[in-house]
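A quick write-up on the structure given underneath.
Laboratory data are not the source of any read-out in this text; all were calculated from the coordinates shown. Treat the numbers as computed from the prediction; the structure is a model and nothing was measured. Because the Cβ atoms are built from the backbone with ideal geometry, glycine has one as well, and the counts that use them run over all protein chains shown.
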Amino acid sequence: MGTIYVTQPDAYIGKTDERLQVKANKKCLLDVPLIKIEGVVVFGRATISPAAIIELLERKIPLTFLTETGKYLGCLQPELTKNIFVRSAQWEVSKNNDRQLHVVRGFIRGKLKNYRNTLLRARREGTIEEAEGSIASLDSTIQGLKSGANVNTLRGLEGAGSAVYFGLFGQLIRNPEFKFTVRTRRPPTDPVNALLSLGYTLLLNDIKSALNMIGFDPYLGYLHVQHYGRPSLALDLMEEFRPIVVDAFVLAALNRKEIMPEHFTQEPISNAVFLTKEGWQVFLRLYEKKKQSEFKHPVLNQKCSYQRSFEIQGRLLAKYLMGETDKYPPLILK
C-alpha cells in the first residue's frame with residue numbers, strides 16, 4: 001500500500017481493530033490494514049482520532065500535514081531512534097572539513113551524473129537535439145568537483161550543472177500542450193514547475209522520514225546552509241533523487257498524457273498554478289507508483305524500490321560518517 005494520501009476535505013481518519021479507515025459524508029473512502037501503511041499524508045483539513053494517532057506513533061508511521069495546495073505544514077513522527085552514535089558522528093563530521101567535503105561531493109556528483117544520464121538517454125532516443133555542448137559542460141562540471149576546495153565552490157558547481165540541465169528540460173517534454181522555459185518557485189507560475197515543486201515537497205517528506213528512522217538529525221546538513229527550521233540533511237540527501245524520482249515521473253506523466261492542462265487552475269492575482277482535485281488524485285497515484293517501482297541497486301546489487309532506497313542511502317551515509325566505510329556512494333542510475 002505504501003503511503004496513504006488523504007485529500008478529501010473534512011475527512012475523518014480513524015482506527016478499527018488493526019485497520020485504518022478514512023471516512024467522509026458518512027461513507028468509507030478507505031479501509032486498509034495498518035501493517036501495509038508506510039506513511040499518512042493529509043492535504044487540507046481532516047480530523048484524526050486519538051486512537052489512530054497513538055497507533056501510528058506506536059507503529060512508527062509518520063503523519064504529515066500539507067495545505068490543500070501542497071505546502072508543508074508539519075509532521076507528527078515517533079521520537080528519534082536511540083542510536084545516539086549516528087547523531088554524534090553526524091556532528092563530528094560537521095567539524096571535519098575533508099570528510100564534510102567528501103559527503104558534499106557525493107551528493108552533488110550523484111545529482112549531476114543522474115542529470116547527465118537523463119540527457120544521454122534523451123539524446124539516444126532522439127528527444128533532444130544539439131545536446132553535445134550541454135553534456136560536455138556537465139562532464140566538465142562533474143570533473144571540477146574533484147578540485148573543489150570548499151563547500152561554497154562545490155555549491156557553485158552544483159548550481160552551474162543544474163542550470164545546464166534545466167536549460168534542456170523543456171526539450172524532454174514531448175507533449176505539445178506543455179512548455180517549460182525556466183525553473184520558477186514560490187510560487188510556480190506554470191504547470192510543469194507546479195508539478196516539480198509538488199513532487200520535491202513529497203520527496204523531501206519521504207527523505208526526512210527515512211533519516212528519522214535511522215537516527216539522524218535532519219536539520220544538520222553539509223551542502224545546504226543551515227537555517228532555523230530547514231531540514232538541511234534531508235535536502236542534501238534528496239539531491240541525487242530529484243532526477244531519478246520526481247523529474248522522471250513528471251516527464252513520464254506529461255509525455256504519456258496522464259496529466260493534462262485541465263488538471264490545473266491558476267490564481268488571478270499571484271498567477272500561481274495549482275492542481276485541481278482530480279489532478280491531485282492522478283499526481284499522487286503516479287508518485288506512489290514511482291516510489292514502489294523497483295530497480296537494481298548498484299551498490300547492493302539487488303532489486304529494491306525507490307521507497308526502500310531512501311533508507312538504504314541514508315544507512316550508507318551513516319556508515320561513512322561513523323567510519324565503517326571509506327566513502328559515501330551516491331545513487332546513480334543509468
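Taking 8 Å as the Cα distance limit and 6 or more residues as the minimum spacing, I'd like the relative contact order of the chain as a percentage.
Relative contact order of the chain: 17 percent.
Report the FRET efficiency, 1/(1 + (r/R0)^6), for Val282 and Gln302, where r is their Cβ-Cβ distance and R0 is 35 Å, rounded to 0.05.
Details: r = 31 Å, r/R0 = 0.90.
Working from the Cβ atoms, E equals 0.65.
Here the Kirkwood formula puts the hydrodynamic radius of the range 91-159 at 13.1 Å, using every distinct Cα pair. Cβ-to-Cβ counts within 10 Å put Val250, Val299 in ascending order as Val299, Val250, the fewest first. Here the label points at Val225 and Arg124, each 7 Å from Cα along the C-beta direction, are separated by 4.0 nm in the simple model.
Screening the chain for DSSP H helices whose Cα atoms reach 27 Å or more along their own axis and whose mean Kyte hydropathy is at least -1.0 gives 191-214. Counting only residues at least eight positions apart within a chain, or on another chain, the lysines with an alpha carbon under 20 Å from that of Lys146 are Lys111, Lys113, Lys327. Among the listed pairs Lys15/Lys257; Lys23/Lys71; Lys208/Lys334, those with a Cα-Cα distance over 31 Å are Lys15/Lys257.
What's the exposure ranking of Phe310, Phe169, going from fewest to most Cβ atoms within 10 Å? Intermediate values should be presented prior to the final figure.
Numbers: Phe310 26, Phe169 23.
Arranged by neighbour count, lowest to highest, Phe310, Phe169 become Phe169, Phe310.
If you take the Cα centroid of the range 84-146 and the Cα centroid of the range 298-316, the two points sit 18 Å apart.
In plain terms, the residue of Trp280, Trp91 with the fewest other Cβ atoms within 10 Å comes first and the most crowded comes last, giving Trp91, Trp280. Cross-link partners for Lys26 among the aspartates and glutamates, with Cα-Cα distance under 20 Å and sequence neighbours closer than 8 places in the same chain left out: Asp10, Asp17.
When the Cα gyration tensor is reduced to axis lengths a ≥ b ≥ c, the ratio a/c is 1.5 or higher for the chain, and with a/b not above b/c it is classed as oblate. Globularity index of the range 2-76 is 1.00 (Cα radius of gyration / 2.2 N^0.38 Å, N = number of residues).
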